[in-house]
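The structure under discussion appears below in the form of structure tokens.
The values are calculated or read from the model by the stated rules, or taken from the named source; none is laboratory data. Quick caveat, the model's predicted, so the values are computed rather than measured. Every residue, glycine among them, receives a Cβ derived from its backbone with ideal geometry; neighbour counts consider all protein chains shown. Ligands, DNA and RNA are stripped out before the accessible areas are found, and what is left, the full protein with its side chains, is counted by its heavy atoms. Shrake-Rupley method; radii C 1.70, N 1.55, O 1.52, S 1.80 Å.
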Amino acid sequence: MSDGRERADSARNLKRRRVLQACCSVAFSGPAVVRADEAEEALAAPQENDALAFAYGDRAGQVIAPADVVLGAKQILAYPMHPTTQRVRDGSRLNQLIVVRVDTSKLAADTLTRAADGIVAYSGVCTHTGCDVTDWYADVVHFKCPCHESEFDPCDGARVVGGPAPWQLAALPLKIAGAALVVAGPFVGRVGFQPPGLDPFGQ
């Protein structure tokens, strides 16, 4: 009789252990799925209707309003942000953007179609060796990469106007939605940079 009770107790204990293991699996798998989704959002390239958010500083992660981008002022470093989850897409440096407002009368025709009230956005990664394009020549309205002094014209599709960069910065079309700067379409042009040691012209 005692053997029967022991077998029954053992079976019940085994069943409880299995139930507990299943509960633990569910409990631990939930956050892992959330983390995977967040990582995917952070790595994804800019998507249409993403808001632009400040990349660094006291306002990092906050949405950039058109009024924040002052005519002729130095570029703002930004990242796209998922419009619903508000997850900043900062998982890849290739998502880093530079945003500046210029005189619309100086914009080339194709650049004007991608601008929002004179505000244009480009990849913030230099096409030469991948440095951040952080410098600004206000007198000639050019971006400048501090590493090897490549210059880009934001009024003309970020065309290379000086230095060793092999191609222009990719452009990101913008629109204004409410009080936010918003992505209007995918990057136009090549995003990325020329690895060191390779001929930038592929020869």
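Surface composition of the range 46-203: carbon and sulfur make up 52 percent of the accessible area, probe 1.4 Å. Across the range 69-76, computed HN-Hα scalar couplings (Karplus, 6.51 cos²θ - 1.76 cosθ + 1.60, θ = phi - 60°) run 9, 8, 3, x, 7, 4, 4, 9 Hz from first to last residue, x flagging Gly and Pro.
Taking amide H positions as modeled 1.01 Å from N, with prolines and chain starts lacking one, the residues under 5 Å from ASP135 and 5 or more places away or on another chain are LYS144. For ALA177, the amide hydrogen comes within under 5 Å of the amide hydrogens of VAL182, counting only partners 5 or more places away or on other chains and with H modelled in the peptide plane.
Among rounded, prolate and oblate, which fits the range 88-155 when a ≥ b ≥ c are the square roots of the eigenvalues of its C-alpha gyration tensor, a/c under 1.5 means rounded, and a/b larger than b/c means prolate? It is oblate, given that a/c is not under 1.5 and a/b is not larger than b/c.
Taking amide H as placed 1.01 Å from N in the peptide plane, ALA121 has its amide H under 5 Å from the amide H of LEU172, each at least 5 places away in sequence or on another chain.
Ligands, DNA and RNA are left out, and with a 1.4 angstrom probe the accessible area of the range 38-109 is 50 Å² per residue.
Here the Debye sum runs over all C-alpha atoms of the range 47-203 as equal scatterers in vacuum, and log10 of I(q)/I(0) at q = 0.17 Å⁻¹ comes out as -0.92.
Sorting 92-104, 46-58, 132-144 by average packing, meaning the other beta carbons within 10 Å per residue, from highest down gives 92-104, 46-58, 132-144.
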